[in-house]
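Working notes, structure below.
The values are calculated or read from the model by the stated rules, or taken from the named source; none is laboratory data. The structure displayed is predicted, hence computed values, not measured ones. Here the Cβ is made from the backbone with ideal geometry for all residues, glycine too, and neighbour counts use every protein chain on show.
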Amino acid sequence: VIPVHGPVDPEGLSDLYKHPGILDFSQPFAEFETRRLGELSVTALPLLHSKPTLGYLLEGEGRRIAYLTDTVGLPPATRDWLQREPLDVLVLDCSMPPQPQAPRNHNDLTLALQCIEEVGTQLGVLTHVGHTLDAWLLQHRRELPRHVTVGWDGRVI
């Protein structure tokens, strides 16, 4: 049995809720709840998306890493919570290059960089990168601030 530590979302995960197989949805995270998973402390952070979505603050061995994907901006409560103590790394959703209008469900580069600056972190890592952002970065990678980089599959931070 695999415990699923996520938000309550029987609508978005309807097939999995109906036929969970080896998945156990009996222990959903509440917003800002902290749990110990072995040596790791994990705090659920609410995000802004079309369905219930959580990011996670991972703390262990003296490091604080926030993993926030599937979001467009940050709810004020999450931003404020993350500002209280400095982050070592913020891994943040950034699907698109700068857009002329505000994005709907995922950050564009403008919004992602704004979130990184507001939260404050030693390193910002862009994730959930779409093809259009990838193509844009081929021409503009040097425009990223020095403390912001792009994630990739298999990357170790």
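Take the residues of the stretch 5-53 that are loosely packed, with under 15 Cβ neighbours inside 10 Å and β-branched (Val, Ile, Thr): which is modelled with the highest pLDDT? So the residue we want is 34. Please identify the pairs in which a residue from the stretch 6-30 that is farther than 13 Å from residue 51 by Cα has its Cβ atom under 6 Å from the Cβ atom of a residue that is β-branched (Val, Ile, Thr) and not in a loop (DSSP other than H, G, I, E, B), counting only partners at least 6 apart or on another chain. Short answer, once both residue conditions are applied: 22/2; 23/2. For residue 137, indicate whether it is of a type outside the set (S, T, N, Q), assigned to a helix (DSSP H, G or I), over 19 Å from residue 89 (Cβ atoms) and out of contact with any Ser or Thr (no Cβ under 6 Å at 6 or more places or on another chain). Spelling it out, residue 137 is indeed of a type outside the set (S, T, N, Q), assigned to a helix (DSSP H, G or I), over 19 Å from residue 89 (Cβ atoms) and out of contact with any Ser or Thr (no Cβ under 6 Å at 6 or more places or on another chain). Exactly one residue out of 132, 121, 127 is more than 22 Å from residue 157 (Cβ to Cβ), in the same structural domain as residue 42 (by TED's automatic domain parsing), in contact with a strand residue (DSSP E or B) (Cβ under 9 Å, 6 or more places away or on another chain) and among the β-branched types (Val, Ile, Thr): that is 132. Within the stretch 86-101, one or more residues are under 29 Å from residue 30 (Cα atoms), modelled with pLDDT of 95 or more and surrounded by fewer than 17 Cβ atoms within 10 Å (Cβ to Cβ).
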